[in-house]
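Asker: Structure in structure tokens, see below.
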Amino acid sequence: MPPLKHWTLGDSRGSRELRWPVSGTPMGDTMELRHLRTFRVVARTLNFTHAAAELHYAQSSVTEQVQALEAELGSVLFDRANRRLTAAGERLVGYADQVLALVEEAKAAVDEDRGEPEGDLVIGALETLCTHWVPPLLNTYRTRWPRVRLSLKEGGRGELYHAVRQSEMDVCFTFGPGPQDPTLASRTLGSEPLVVIVPDGHPLTGKGELHEEELKGIGFLATPQGCGFREMLDRLDGPVVDTEVGSLAALGRCVAAGMGCGLVPAMVDHPGAVAVPLAGHSTALTMTWRRRDERKPSVAALLAATAVTA
């Protein structure tokens, strides 16, 4: 059996080191956490330029960090010519996720006794929620916990859940029920009424309220399959989807132009279209986070804040 030695992961800021014994490997004695963080972003984007922009590094710095990691491991991690991970790179992704998650968990445990949360909190949300619902929450949070650095990112529902799973985001806000994933937890913060938006002058504009049976055979615009807003529409019995559009903003403009009707949460902007409430229909507003991060001070503070408002 090869002799045991210590593998040390050092924080690039020089403030922390994690050491544990591992069996003989071709690695050197020290690997910087920033190299693993950079590798994880490049592995996700498969693009050094995009990774550099996301990390706010020069592209040359990203290249140097990946090369340093490859030299440390003695393996090529990226097939540059075909822009994909090598077999070694694929294997490292899972270990990088575990190491970085463990580091965050350790930092959270150490920070528990400090009292006031600090550090980074990355929040994701659907575009509609980023525009209409999240800003007041973040303003209240920042006022209460000014030492936490907030970052807000937009994305589709599937993208947001994936980012939370991969520790690229701490929490996300979406419409509809939370994901069925034992590593994640969700909380319903409220509900948002659904409305049918129709072109000005459409026969439905005279209705004070619509019922589902009144939508039978009416042409609707919809977002693509897999989108949460499309699922809301598909659960109705009656509307006919005759046009797909890529976003709610485009959907609203197409409705205003007279192309058909649409189903959206009431908070969505729809200039030029008329909104008619759909009786008995609403969608949940949901917050999702990683269960293992519930003790992280910045996440715990947000959970406490949303528990008060839910």
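Asker: Considering only residues that are of a type outside the set (S, T, N, Q) and open to solvent by 30 Å² or more (accessible area, probe 1.4 Å), look in region 241-253 and name the one that is farthest from THR174 (Cα to Cα).
Answerer: Per the criteria, the residue is ASP242.
Asker: Filtering region 265-310 down to residues that are in contact (Cβ under 8 Å) with a residue 40 or more places away in the chain, of a type in the set (Val, Ile, Thr) and outside any strand (DSSP E or B), which residue is most open to solvent (accessible area, probe 1.4 Å)?
Answerer: That would be THR309.
Asker: For region 196-217, how many residues are of a type outside the set (Lys, Arg) and out of contact with any helix residue (DSSP H, G or I) (no Cβ under 8 Å at 6 or more places or on another chain)?
Answerer: Of the residues in that region, 12 qualify.
Asker: Sticking with this one: Restricting attention to region 118-126, does a residue exist that is touching a Pro at 6+ places or on another chain (Cβ under 9 Å) and at pLDDT below 90?
Answerer: yes
Asker: Considering region 190-201 alone, what residues qualify as being in contact (Cβ under 8 Å) with a residue 60 or more places away in the chain and in a loop (DSSP other than H, G, I, E, B)?
Answerer: Listed by number, the list holds a single entry, ASP200.
Asker: When you look at THR223, is it in contact with a helix residue (DSSP H, G or I) (Cβ under 7 Å, 6 or more places away or on another chain) and at pLDDT 95 or above, yes or no?
Answerer: No.
Rundown of residues vs (1) free of Cβ contacts under 8 Å to residues at least 60 places away in the same chain; (2) open to solvent by 60 Å² or more (accessible area, probe 1.4 Å); (3) among the polar types (S, T, N, Q); (4) not in a helix (DSSP H, G or I), yes/no style:
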| site | (1), (2), (3), (4) |
| --- | --- |
| ARG40 | no, no, no, no |
| ALA51 | yes, no, no, no |
| GLU54 | yes, yes, no, no |
| THR63 | yes, no, yes, no |
| VAL66 | yes, no, no, no |
| GLU90 | yes, yes, no, no |
| TYR95 | yes, yes, no, no |
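Asker: Considering only region 160-186, state which residues are among the hydroxyl-bearing types (Ser, Thr, Tyr) and either in a strand (DSSP E or B) or farther than 16 Å from ALA284 by Cβ (or both).
Answerer: Hits for region 160-186 are SER167, THR174, THR183, SER186.
Asker: Of all residues being surrounded by 15 or more Cβ atoms within 10 Å (Cβ to Cβ) and in a strand (DSSP E or B) in region 202-240, which is nearest to the chain's Cα centre (by Cα)? Just the residue, please.
Answerer: Going through the qualifying residues, I end up with ALA222.
Asker: Test SER191 against the criterion of being closer than 19 Å to ARG295 by Cβ and open to solvent by 20 Å² or more (accessible area, probe 1.4 Å), and give yes or no.
Answerer: In short, no.
Asker: Could you tell me which residue of region 171-183 is surrounded by the fewest Cβ atoms within 10 Å (Cβ to Cβ), considering only residues that are at pLDDT below 95 and closer than 24 Å to LEU102 by Cβ?
Answerer: Selected residue: PRO182.
Asker: Of the conditions (1) among the hydroxyl-bearing types (Ser, Thr, Tyr); (2) touching a residue at least 40 places away in the same chain (Cβ under 8 Å); (3) surrounded by 14 or more Cβ atoms within 10 Å (Cβ to Cβ), THR140 clears all except one; give me its number.
Answerer: (3)
Asker: Looking at region 124-136, can you tell me whether even one residue there is open to solvent by 60 Å² or more (accessible area, probe 1.4 Å), among the acidic types (Asp, Glu) and in contact (Cβ under 8 Å) with a residue 60 or more places away in the chain?
Answerer: Scanning region 124-136 turns up at least one residue that is open to solvent by 60 Å² or more (accessible area, probe 1.4 Å), among the acidic types (Asp, Glu) and in contact (Cβ under 8 Å) with a residue 60 or more places away in the chain.
The values are calculated or read from the model by the stated rules, or taken from the named source; none is laboratory data. These numbers come from a predicted model, not from an experiment. No Cβ is skipped: glycine too gets one built from the backbone with ideal geometry, and neighbour counts run over all protein chains shown. SASA here: full protein model, heavy atoms, side chains in, ligands and nucleic acids out. Shrake-Rupley method; radii C 1.70, N 1.55, O 1.52, S 1.80 Å.
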